[in-house]
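Step one of this worksheet: look at the structure below.
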Ligand SMILES: [Zn+2]
């Protein structure tokens, strides 16, 4: 269900980003699937880059990558949009989850405690906006998400995306572990709730 609330578009050069505070750096066209209508977004998938924001920006612009994400967040809280929300970014390692989700990459590592406050705050504002826009309940789903993404909705780590071949296992087809144990879910979800409550309806 797509919310009928209007969200302001932001013009960067000649390109409109979906999220006002984002900087548009498009992924290579070989790294995502185009869609000509709005999607039924049910899931937000949180990733860590296993590197810097620049690493993700560079890789998703490389035609050989065959991966992408909608948004990339830097340590300093800067947000880059690389794939339009209506288009299907290749981030989850599970085609159905790609179809029903938005992927957000964060500068940092699954096994290092490097996520910054600026990053959490920027990400939580973005996720609050997405949850309102797509009518997603602000919950961190427990455990592996359902095999069929239309059987639930919420906010998950990449590690919680089911392996399409063995849906009891997480992390998509390649069993990724990000964002990892240092991603502070309680802190993050509380920030999302706070920013969500501060958003003006229809604004
Ligand atoms: Zn990931």
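The values are calculated or read from the model by the stated rules, or taken from the named source; none is laboratory data. Keep in mind the model is a prediction, meaning the values are calculated, not measured. As a convention, Cβ positions derive from the backbone with ideal geometry for all residues, glycine included, and neighbour counts pool all protein chains shown.
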Residue satisfying condition, being touching a residue at least 24 places away in the same chain (Cβ under 8 Å), farther than 17 Å from residue 124 by Cα and away from the ligand (no atom under 15 Å from the Cβ), within set 148, 163: 148
Can you pull out the residues in segment 111-122 that are in a helix (DSSP H, G or I) and more than 16 Å from the ligand (Cβ to nearest atom)? 117, 118, 120, 121, 122
Would you mind stating whether residue 174 is exposed (fewer than 15 other Cβ atoms within 10 Å of the Cβ) and at pLDDT 95 or above? yes
From 125, 133, residue being away from the ligand (no atom under 16 Å from the Cβ), touching a helix residue (DSSP H, G or I) at 6+ places or on another chain (Cβ under 8 Å) and under 18 Å from residue 79 (Cβ atoms): 125
Among the candidates 69, 56, 65, which residue alone is surrounded by 19 or more Cβ atoms within 10 Å (Cβ to Cβ), within 16 Å of the ligand (Cβ to nearest atom), assigned to a loop (DSSP other than H, G, I, E, B) and at pLDDT 90 or above? 69
If the requirement is being at positive phi and within 16 Å of the ligand (Cβ to nearest atom), which of these qualifies: 108, 143? 108
Residue selected from segment 147-160 under the condition under 15 Å from residue 98 (Cβ atoms) and touching a strand residue (DSSP E or B) at 6+ places or on another chain (Cβ under 8 Å), by the criterion surrounded by the fewest Cβ atoms within 10 Å (Cβ to Cβ): 147
Which is in a loop (DSSP other than H, G, I, E, B), in contact (Cβ under 8 Å) with a residue 40 or more places away in the chain and within 13 Å of the ligand (Cβ to nearest atom), of 93, 77? 93
